[in-house]
Amino acid sequence: MSQIQDLCKVYGTGENQVTALDHVSLDFEKGAFTAIIGSSGSGKSTLLHAIAGVDIPTSGKIYLNGEDVYAKNNEKLAIFRRRQVGLIYQFHNLIPTLNVVENITLPILMDRRKVNKERLEELLELLGLQERREHLPNQLSGGQQQRVAIGRALMNAPAVMLADEPTGALDSKNGREIIRLLKENNRKYGQTLILVTHDESIALQADRIITIADGRVVKDERQVVRP
Amino acid sequence: MSIFQKIVLRGLKKNRARTIVTVIGVALATLLLTAITTFAVSLQSYMAQGAIRKNGNWEVAFTDVQDAWIQKQQQNKDVTKTTVYDNIGYAVLDGCNNPDKSYAFITAFDDSCYHTLPVHLISGRLPQNDQELVVPMHLQTNGGIEYSIGDTITLQVGTRVSDGRTLSQKDAYQEGTEALTETTQKTYQIVGICQRPSFESRTAPGYTFITAMDQSAAVVSKTLFVTLKTPQKTRAYLKQIGISQGYLLNDEVLRFYGLSDDQTFNMMLYSVAAVLIALIMIGSVFLIYNSFHMSLNERMQQYGILMSVGATERQLLHSVLFEGFCVGCMGIPIGIGIGIPAVKLVLMLTEQNFSNILYTDVPLKLHISGVALAISVLISFLTIILSAWLPARKAVRTPIMECIRQNNEVQVSKKSVKISRVMEHQLNLEGSLALKNFKRNRRRYRSVVPDAECRTIRCSKCIYR
């Protein structure tokens, strides 16, 4: 179970002050697929980044698997992100000088641990990247790059997968493929999946849809998942 | 090799232009440091050689010693050479104007003495036997006694004694308490007049007269001049042999090794060196900092991605230091490789000027010191690490999402880039754009402007010289 308690995030000061998150409280069940939707600037990405431990909230608490994320010091928070959180961005954010395998295994290599070859091969097969393992990001299509980013997020088998508009920069075919992959992993490994999107068709595939507007939760719907 | 080191090396390879600019920056900074330290060492060596030529190649003199003690010093592992002359004795000079210096101090030299202790003849020749003498010029100018070449003089030569103690050239004239004893009459012919010997101290009571050494003659005492393997260890040598007084230091030579007792001279020497190195180091920090800062935006995004995947601050700072180390390994040898020949060229071009002012018979040679080079390398590395570490520290302290989005580097308000209408009219569109660009991010010029200032100061100094 993951929890968000009374979360606030304010940017700027004085006249330029913007409230991105306004006292948000939510619970996420383990293994559930939740979609967060909302218009541009509503605060959905800010919420996701706060959960991922990459954007420090102004106030409030976040518990992932019972651990208070922001009670940790910087070093412990970084290690927590590395081992417990899988974060996927809209623009892939791969390291351009590392090849596919190195980008995927980056969290493991940062830990100076030995790469589990079986796990890597399993992921490469799942992501359809076996033939591209030595390629650099600039030698891949947008969809392939996003699959590498997913592989990187999955490599450590994190407890929580967070995806920030993962199909935003992709064509519809690649977008559908990415969502299929995320759902498959969510089912296969029982990971909690929180996905930010403004595409309603993607949101409808989730177990739960949370709508955010002006930094507040305005709707929280649970739905029967279609197979 | 860690993944961070891999990223650094591949980044350096991928961004070839950026790497070359940074390496050039490092090479220039190292070149300056190497040039300054090598030039300083070469100049120090030149000055020391000049002083040796003028004052003799020795560090310590013991004015009243016996054969057994001399042999002991010859066996000392720190001693490279010893030079000994016989102290024949003192003779009262009748008609001397200087009441504190009324003796002739007769010494007997062999050939080896002339190699270590320079005797600059003004006229005549050196003595060839123990019946011939060379007298110093200041006997006439300071003592008022004039001898000519060919004169024959008779002296009552004896030992200076005070309260039962034998006195040497180290002991100043003690009026009323000292006396000349055991005198014997000696006759000499003057064969040459020399400059005041540099080894005759200012307070010495006797004018140094030089005759040739007679190996069979019995002498009362001897003066020993010690040349050490390492002049810098003079104090340690004196401490090791347990002598705290009764010696004479070749101060004119030792001062160029920073061993002078003259604190003002030492202070001046070290202050000039410190100011020069500080000036170069500050300039170099700005130069290299600029090279690292130029690619800051690109780096910030990469740092952001790495941090979001779980890199710790320590890992990122280590990777930056590794990058600095790699850049240093490329730039520093280039800087040294160009710096040393550049100094050699400068020395060749300025040798004539130095010989006009200082020593005509001492060549101004390139002197490469391992310590000076090590200092240059160390300062260069410190500069690189500081220059690389500053932007990296800024990056790791920036929120991760700001690093990735890069939306925090420049925050512009309308007021901050406002230009007056007069200025706008004067500058036209191009000038106004340039001024606005300057105003929108003044922080960028914080390192560029002082860097330009440092260079201007250094160039002005060179032109002025």
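The values are calculated or read from the model by the stated rules, or taken from the named source; none is laboratory data. For clarity, every value in this text was computed on a predicted model and none was experimentally measured. When we count neighbours, we look across all protein chains shown, and the Cβ atoms used for this are built from the backbone with ideal geometry, even at glycine.
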Considering only residues that are at positive phi and free of Cβ contacts under 8 Å to residues at least 60 places away in the same chain, look in the stretch A:50-100 and name the one that is farthest from the other protein chains (Cβ to nearest Cβ).
-> A:G60
Just wondering, is there one or more residues in the stretch A:191-202 that are over 20 Å from A:L47 (Cα atoms) and among the hydrophobic types (A, V, I, L, M, F, W, C)?
-> no
When you go through A:L170, A:L182 one by one, which is the residue that is in contact (Cβ under 8 Å) with a residue 24 or more places away in the chain and under 23 Å from A:L106 (Cα atoms)?
-> A:L182
Near pairs, Cβ below 9 angstrom, 6+ apart or cross-chain, from the stretch B:100-113 (part of a loop (DSSP other than H, G, I, E, B)) to any residue that is buried (at least 20 other Cβ atoms within 10 Å of the Cβ) and β-branched (V, I, T) = B:D110/B:V84
Just wondering, is there one or more residues in the stretch B:254-275 that are over 30 Å from B:L373 (Cα atoms) and buried (at least 18 other Cβ atoms within 10 Å of the Cβ)?
-> no
B:A372 under 30 Å from B:E298 (Cα atoms), touching a residue at least 12 places away in the same chain (Cβ under 8 Å) and assigned to a helix (DSSP H, G or I) = no
Can you find a residue in the stretch A:113-130 that is at positive phi and within 11 Å of chain B (Cβ to nearest Cβ)?
-> no
Is at least one residue of the stretch B:288-300 surrounded by 19 or more Cβ atoms within 10 Å (Cβ to Cβ), within 14 Å of chain A (Cβ to nearest Cβ) and part of a helix (DSSP H, G or I)?
-> yes
Hey, any hits in the stretch B:227-242 for a residue that's touching a Pro at 6+ places or on another chain (Cβ under 8 Å) and over 25 Å from B:D111 (Cα atoms)?
-> no
In the stretch A:71-126, residues that are touching a strand residue (DSSP E or B) at 6+ places or on another chain (Cβ under 7 Å) and farther than 18 Å from B:A311 by Cβ total 1
Of the residues that sit in the stretch B:159-196 and are of a type in the set (G, A, S) and surrounded by 18 or more Cβ atoms within 10 Å (Cβ to Cβ), which one is nearest to the chain's Cα centre (by Cα)?
-> B:S168
Would a scan of the stretch B:344-354 turn up a residue that is modelled with pLDDT of 80 or more, touching a helix residue (DSSP H, G or I) at 6+ places or on another chain (Cβ under 8 Å) and buried (at least 19 other Cβ atoms within 10 Å of the Cβ)?
-> yes
Considering the stretch B:57-96, residues that are among the hydrophobic types (A, V, I, L, M, F, W, C) and within 18 Å of B:D110 (Cβ to Cβ), and then whichever is surrounded by the fewest Cβ atoms within 10 Å (Cβ to Cβ), we arrive at B:I70
The listed residue being more than 14 Å from every other protein chain (Cβ to nearest Cβ) and over 18 Å from B:L382 (Cα atoms), out of B:V346, B:V309 | B:V346
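Condition check ((1) surrounded by fewer than 16 Cβ atoms within 10 Å (Cβ to Cβ); (2) part of a helix (DSSP H, G or I)) across all residues:
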| residue | (1), (2) |
| --- | --- |
| B:V320 | no, yes |
| B:E323 | no, yes |
| B:I334 | no, yes |
| B:Y359 | no, no |
| B:L364 | no, no |
| B:W389 | no, yes |
| B:K394 | yes, yes |
| B:I404 | no, yes |
Please tell me if B:G304 is without any contact (Cβ under 8 Å) to a residue 40 or more places away in the chain, within 14 Å of chain A (Cβ to nearest Cβ) and more than 33 Å from the chain's Cα centre (by Cα).
-> no
Would you tally the residues in the stretch A:33-46 being in a helix (DSSP H, G or I) and either under 11 Å from the mean Cα position of the chain (by Cα) or among the hydroxyl-bearing types (S, T, Y) (or both)?
-> 2
Which of the residues belonging to the stretch A:101-112 are more than 7 Å from every other protein chain (Cβ to nearest Cβ) and closer than 24 Å to A:V196 by Cα?
-> A:N103, A:I104
Since A:R83 meets every condition but one in (1) assigned to a strand (DSSP E or B); (2) within 23 Å of A:I179 (Cα to Cα), which condition does it not meet?
-> (1)
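Yes/no matrix, rows are residues, columns are (1) closer than 21 Å to A:G190 by Cα; (2) among the acidic types (D, E):
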position: A:I56; (1), (2): no, no
position: A:A71; (1), (2): no, no
position: A:V85; (1), (2): yes, no
position: A:P96; (1), (2): no, no
position: A:N103; (1), (2): no, no
position: A:L109; (1), (2): no, no
position: A:V115; (1), (2): no, no
position: A:E122; (1), (2): yes, yes
Restricting to the stretch B:1-38, what's the tally of residues that are more than 9 Å from every other protein chain (Cβ to nearest Cβ), touching a Ser or Thr at 6+ places or on another chain (Cβ under 9 Å) and outside any helix (DSSP H, G or I)?
-> 1
